[in-house]
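Peer 1: Mind looking over this structure? Questions follow.
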Amino acid sequence: MPTTQRAPERLYELVYRVLRDHMTAGGLPEGLVLLEGPIADFFGTSRAPVQKALQMLNEENLVRRFEGRGYVIPQRDGRTTPIRLDIRQAGLTLPRDIDEAIRSRSSWQRIYGRIEQEVATAAAFGRYRIHEARLASVFHVSRTVARDVLGRLHERGLVQKSSSSRWIAGPLTAAAMKEIYEIRKLLEPAALIRAAPRLDRAALSSMRDHMLTLELDHSDLTPELLYQFDRFLHVECVLKIDNKRLVSIIRQNQLPLATAQTFQQYLGLSDESATLSEHRLVLELLLKESVDAAAAALIAHLDSAQKRTLARLKVFSVVPAPHFSAYLVKTR
């Protein structure tokens with residue numbers, strides 16, 4: 001009788017398995033704070049599989065949400081005394097077979113996050129051609145992997161193909177941004193209403209509390225945190241629906257999520273208290289089960305975000321462009 005080959009584990013399943021094995025064997029200390037970014041760097045992946053793995057661990061009560069910006073390994077006595085350590089110093093190791101499995105499955109995922117941010121940054125400074133062969137060379141991957149990454153950026157609306165089939169990023173224009181926000185204001189509130197019954201109230205509460213703390217004291221606010229708040233609302237909440245086509249359309253028009261970090265990096269965080277308040281209000285209304293009001297608050301937030309984005313685009317027109325990787329070539 002022929003044997004049935006088991007399908008290869010998905011990337012998030014590999015990350016989940018390594019973290020779970022360490023936790024159940026006592027290989028990671030109780031109270032350890034787990035953040036997506038450092039874990040993604042450790043595994044050499046994007047944040048998406050790490051996020052999924054942590055959500056699975058959270059569902060099994062092996063980790064808990066921590067201050068809205070990560071997870072913590074709970075202590076047996078129920079207390080939560082946070083320990084902040086480099087994930088390697090904390091004891092996380094990567095078995096050789098898992099390392100090989102991750103590398104064989106994640107060529108595009110290992111480089112996608114960095115390329116996405118570089119492309120989004122370049123687009124804010126003008127029109128750039130993306131040289132496929134150079135991209136492959138810079139990241140030491142095949143042309144096939146490079147093409148896969150560019151195809152996914154195309155699906156997200158971050159790059160386009162010219163009439164001569166060249167990959168092009170940018171320029172970001174006021175007209176394009178207005179169209180994107182118009183689509184987002186039509187689709188994201190409707191998706192949020194459908195997603196509301198599926199949302200994790202503990203996660204909503206934790207994120208709401210963290211935002212409120214930062215509203216009162218901005219000293220710990222960073223572009224990275226703002227990106228996490230943006231992603232929590234517009235991805236983890238809005239996209240928690242079962243309509244894959246709708247999810248795809250919304251994702252194609254979330255370019256501002258990628259460009260927001262660029263604006264914050266070069267222009268600072270001067271007016272982000274309003275962004276925090278807008279995000280928190282949506283979460284507050286969701287927690288009160290005022291779903292229609294939360295959708296209306298989301299529209300108001302997107303209206304304000306559009307105004308901020310258009311104002312920043314004007315400022316960027318006079319900001320000198322930084323040096324980009326060799327695969328990004330400025331064009332007219």
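Peer 1: For the condition in contact with a helix residue (DSSP H, G or I) (Cβ under 7 Å, 6 or more places away or on another chain), assigned to a loop (DSSP other than H, G, I, E, B) and closer than 21 Å to Q306 by Cα, what is the one hit in L172, L257?
Peer 2: None of the other options fit; the residue is L172.
Peer 1: Please find, within region 17-33, the residue that is nearest to I73 (Cα to Cα) out of those that are outside any helix (DSSP H, G or I) and touching a helix residue (DSSP H, G or I) at 6+ places or on another chain (Cβ under 8 Å).
Peer 2: Initially, region 17-33 is screened for residues outside any helix (DSSP H, G or I), giving 25-33.
Still in the running and touching a helix residue (DSSP H, G or I) at 6+ places or on another chain (Cβ under 8 Å): 27-28.
Values: G27: 11, L28: 8 Å.
Applying the filter and picking the extreme gives L28.
Peer 1: Mind checking which pairs have a first residue in region 293-306 that is more than 11 Å from E278 (Cα to Cα) and a second that is modelled with pLDDT of 95 or more, Cβ under 6 Å, 6 or more apart or different chains?
Peer 2: Partner pairs satisfying both residue conditions: A293/L285; A295/P189; A295/L192; A295/I193.
Peer 1: So D217 ticks every box in (1) under 24 Å from A258 (Cα atoms); (2) of a type outside the set (K, R); (3) modelled with pLDDT under 85 but one. Which box is left unticked?
Peer 2: (1)
Peer 1: With (1) exposed (fewer than 15 other Cβ atoms within 10 Å of the Cβ); (2) modelled with pLDDT under 95; (3) within 18 Å of I193 (Cβ to Cβ) as the list, and L239 as the residue in question, which single condition is left unmet?
Peer 2: (1)
Peer 1: Checking A202 against (1) under 23 Å from A296 (Cα atoms); (2) aliphatic (A, V, I, L, M); (3) surrounded by 14 or more Cβ atoms within 10 Å (Cβ to Cβ), which test does it fail?
Peer 2: Going through (1) under 23 Å from A296 (Cα atoms); (2) aliphatic (A, V, I, L, M); (3) surrounded by 14 or more Cβ atoms within 10 Å (Cβ to Cβ) one by one, A202 breaks only (3).
Peer 1: Consider L94 against the criteria (1) at pLDDT below 90; (2) farther than 13 Å from I39 by Cβ; (3) more than 22 Å from the chain's Cα centre (by Cα): it satisfies all of them except one. Which criterion is unmet?
Peer 2: (2)
Peer 1: Right, here's the next one. Can you pull out the residues in region 125-141 that are surrounded by fewer than 23 Cβ atoms within 10 Å (Cβ to Cβ) and out of contact with any strand residue (DSSP E or B) (no Cβ under 7 Å at 6 or more places or on another chain)?
Peer 2: F125, A133, R134, A136, S137, V138, F139, H140, V141, listed by residue number.
Peer 1: Take region 184-208 and flag every residue that is at pLDDT below 95, among the aliphatic types (A, V, I, L, M) and within 19 Å of the chain's Cα centre (by Cα).
Peer 2: L199, A203, L204, M207
The values are calculated or read from the model by the stated rules, or taken from the named source; none is laboratory data. Predicted model, so just to flag it, every value in this text is computed and none were measured. Neighbour counts are summed over all protein chains in view; Cβ atoms, including those assigned to glycine, are modelled from backbone coordinates with ideal geometry.
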